[in-house]
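Participant: What follows is a structure written as structure tokens; I'll ask about it next.
The values are calculated or read from the model by the stated rules, or taken from the named source; none is laboratory data. Given the structure is predicted, the values throughout are model-derived calculations rather than measurements. Neighbour counts are summed over all protein chains in view; Cβ atoms, including those assigned to glycine, are modelled from backbone coordinates with ideal geometry. The area values use the complete protein model at the heavy-atom level, side chains included, leaving out ligands, DNA and RNA. Shrake-Rupley method; radii C 1.70, N 1.55, O 1.52, S 1.80 Å.
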Amino acid sequence: MQTASKIRTISTLINDIGFQGQSLLSINDLSNEQLYGLFELAATLEPWNRSAIPLLPGNVMVTFFFQPSTRTRMSFETAMHRLGGAVITESNPMVSSSSAKEESLSDSIKVISKYANVIVFRHPDDVAAREACAYSDSPIINGGFGHWEHPTQALLDLYTLWRTQGKIEDVKVCIASPDLIAARTGHSMAYGLGRLGADVTLASMKANRTPQEVIDKLAATNGKVTEVFDLDQGGFNELIMDMDLVYLPGCSAPKGTEAEEFKKIMDNYYVRMETLEKVREDDDRVIAVTHTLPRRPGEMDLRIDTTPSQQYFEAISYSVSIRMALVASILGN
């Protein structure tokens, strides 16, 4: 009886979000009210992170990933299992699907949508991916499209911030990477933070600054956003001393002959343990550090892993419930 009562409460939360049957290609597909509705639903679902609640029996999710993934794919698949649904995984389509036979992306999506109630889709070409989504008969969740957006990673990180800080409005966040052109999660996170009233600083090389499209959209929402360019490591660490959260979206460091030179630039955005300790000791305040993972050697002092500043592994514990909330809100109950 108690579980039935909780399911009725969860059903009300799902209906209040009003996202049934919708696709999530950009974080901007969700209103501010829907974002907070998903946070409330995810918090309600957290007790089932390691068990199950039968909200979606008979529903099938297909994860269709053209790029490697650990956290995104596994947390979505776990979320669907926890909700009582089933999962079909295609994690190597260029080898084991008809994509290997030169089937068009739009045909693949059309066919998969005949099997799936919802598709989680990752692809390196954001333009081709978005065009293919138009052919789907089922809702699609963007699991990472090229350098464009990764909305569910941002959704997770916004939820983690809301759970740990108790709010998002007026929280000071530095999104930092040598390359904010290629940081798709940084784009989605900046949109969400700006819309929800956080104070956002974008720190990067000027040559690889955040795309103007992102800046323009943030300006249109009156987001509080500042860009800071070409800092050295000392200047970067001085900058983050005033922050509540340092957000490292990672970057696609080049390979081959350019790799070593790029690593030197990455070193300018290295988060020092000493910086965090100084703020803790002098101001009795914790600067949270999170990373979308996987991280590269040289992005931060690994001793942070065992300090109160560490938020990247803590976020993993929230990833299942927020994705349960998203999938449930799309498929209804």
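Participant: Let me confirm something: among Tyr135, Tyr159, which residue is assigned to a loop (DSSP other than H, G, I, E, B), touching a helix residue (DSSP H, G or I) at 6+ places or on another chain (Cβ under 6 Å) and modelled with pLDDT of 95 or more?
Facilitator: Tyr135
Participant: Which residues, taken from the range 145-160, are within 17 Å of Thr290 (Cβ to Cβ) and either of a type in the set (Phe, Trp, Tyr) or free of Cβ contacts under 8 Å to residues at least 24 places away in the same chain (or both)? Let's see the steps before the verdict.
Facilitator: The initial filter retains those residues of the range 145-160 that are within 17 Å of Thr290 (Cβ to Cβ), namely 150-160.
Result: Tyr159, single match.
Participant: Mind listing whichever residues of the range 81-95 are under 11 Å from Phe66 (Cα atoms), out of contact with any strand residue (DSSP E or B) (no Cβ under 6 Å at 6 or more places or on another chain) and open to solvent by less than 80 Å² (accessible area, probe 1.4 Å)?
Facilitator: At the first step, the residues of the range 81-95 found to be under 11 Å from Phe66 (Cα atoms) are 90-95.
This time we only want the ones that are out of contact with any strand residue (DSSP E or B) (no Cβ under 6 Å at 6 or more places or on another chain), so: 92-95.
Asn92, Pro93, listed by residue number.
Let's see how each residue does on (1) under 16 Å from Tyr269 (Cα atoms); (2) open to solvent by 10 Å² or more (accessible area, probe 1.4 Å); (3) assigned to a loop (DSSP other than H, G, I, E, B); (4) in contact with a Gly (Cβ under 7 Å, 6 or more places away or on another chain):
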| position | (1), (2), (3), (4) |
| --- | --- |
| Ile175 | yes, no, no, yes |
| Leu180 | yes, no, yes, yes |
| Leu193 | no, no, no, no |
| Gly197 | no, yes, yes, no |
| Ala203 | yes, no, no, no |
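Participant: Restricting attention to the range 27-41, which residues are of a type in the set (A, V, I, L, M) and either under 14 Å from Ile168 (Cβ atoms) or open to solvent by 30 Å² or more (accessible area, probe 1.4 Å) (or both)? So that I can check it myself, show each step before the final result.
Facilitator: From the range 27-41, those of a type in the set (A, V, I, L, M) are 27, 30, 35, 38, 41; that's our starting set.
Ile27, Leu30, Leu35, Leu38 - these are the residues of the range 27-41 that are of a type in the set (A, V, I, L, M) and either under 14 Å from Ile168 (Cβ atoms) or open to solvent by 30 Å² or more (accessible area, probe 1.4 Å) (or both).
Participant: Looking at the range 273-297, which of its residues are exposed (fewer than 13 other Cβ atoms within 10 Å of the Cβ) and either at pLDDT below 95 or on the phi < 0 side of the Ramachandran plot (or both)?
Facilitator: Start the filter on the range 273-297 by keeping residues that are exposed (fewer than 13 other Cβ atoms within 10 Å of the Cβ), which leaves 274, 281-285, 294, 297.
Within the range 273-297, Glu274, Glu281, Asp282, Asp283, Arg285, Pro294, Pro297 qualify.
Participant: Restrict the check to the range 44-55 and report whether at least one residue is under 22 Å from the mean Cα position of the chain (by Cα), assigned to a helix (DSSP H, G or I) and exposed (fewer than 15 other Cβ atoms within 10 Å of the Cβ).
Facilitator: Scanning the range 44-55 turns up at least one residue that is under 22 Å from the mean Cα position of the chain (by Cα), assigned to a helix (DSSP H, G or I) and exposed (fewer than 15 other Cβ atoms within 10 Å of the Cβ).
Participant: On the basis of being touching a residue at least 12 places away in the same chain (Cβ under 8 Å), in a helix (DSSP H, G or I) and open to solvent by less than 60 Å² (accessible area, probe 1.4 Å), does Ser113 make the cut?
Facilitator: On the way: touching a residue at least 12 places away in the same chain (Cβ under 8 Å): yes; in a helix (DSSP H, G or I): yes; open to solvent by less than 60 Å² (accessible area, probe 1.4 Å): yes.
Yes; evaluated as a whole, the condition is true for this residue.
Participant: Quick one: would you say Thr257 is exposed (fewer than 14 other Cβ atoms within 10 Å of the Cβ), of a type outside the set (A, V, I, L, M, F, W, C) and at pLDDT 90 or above? Break it down into steps so the answer makes sense when it comes.
Facilitator: Details: exposed (fewer than 14 other Cβ atoms within 10 Å of the Cβ): yes; of a type outside the set (A, V, I, L, M, F, W, C): yes; at pLDDT 90 or above: no.
No: the conditions fail for Thr257.
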